[in-house]
Amino acid sequence: MEFDQVRAYLLSKPFTTESFPFGEGAHVFKVNSKMFALVGWRKNALMINLKCDPDESCALRDIFNSITTGYHMDKKHWISVYYPNDVENQRIIESSVANNSAPINLVPAGELERIIDNSFMLVVSKMAKKEQTSILLHM
């Protein structure tokens with residue numbers, strides 16, 4: 001997925017705001033002042049940090065080699081999803097074919113949206129019932 005697609009999907013969540021507390025390169029997305037996503041660039045790849053259930057995190061990392069423990073986040077509760085840019089992606093594919101190694105396994109757009117939804121809901125589930133109700137009524 002491209003940055004603009006990810007950003008638009010994140011901002012489509014009710015009561016979501018975007019801020020830059022870590023500088024212009026790190027887009028932080030919050031619901032009612034609680035962070036559920038951080039998007040930026042790392043090593044020529046779009047990096048999306050998302051809150052994640054620890055068991056699901058292990059399963060996702062087993063399935064997708066483009067998912068790691070959260071970069072600069074709590075490794076138990078956050079994951080990083082990477083999307084190399086087109087040039088870097090092509091280089092990785094060519095390298096893996098030449099070396100007979102497994103190609104990078106990118107997360108499909110629909111699966112990323114599901115992971116984003118789960119991140120959002122994990123954060124909302126920790127809020128007061130009144131806040132939860134207000135947010136869920138707008139979904």
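Add -39500 (n - 2.57) for each DSSP H run of 4 or more in the chain, then divide by its residues: what number comes out at 222 nm, to the nearest 500 deg cm²/dmol?
After summing the helix terms and dividing by residue count, I get -12500 deg cm²/dmol.
Would you mind ranking Ser57, Ser125 so that the residue whose beta carbon has the fewest other beta carbons within 10 Å leads the list?
The most exposed by this proxy come first: Ser125, Ser57.
Can you sort Leu137, Leu112 by how many other beta carbons sit within 10 Å, fewest first?
Leu137, Leu112
Every number in this text was worked out from the coordinates using simple rules, so none of it is lab data. None of these values were measured; they are calculated from a predicted model. Reconstructed Cβ throughout: ideal geometry from the backbone, glycine too, with neighbour counts over all protein chains shown.
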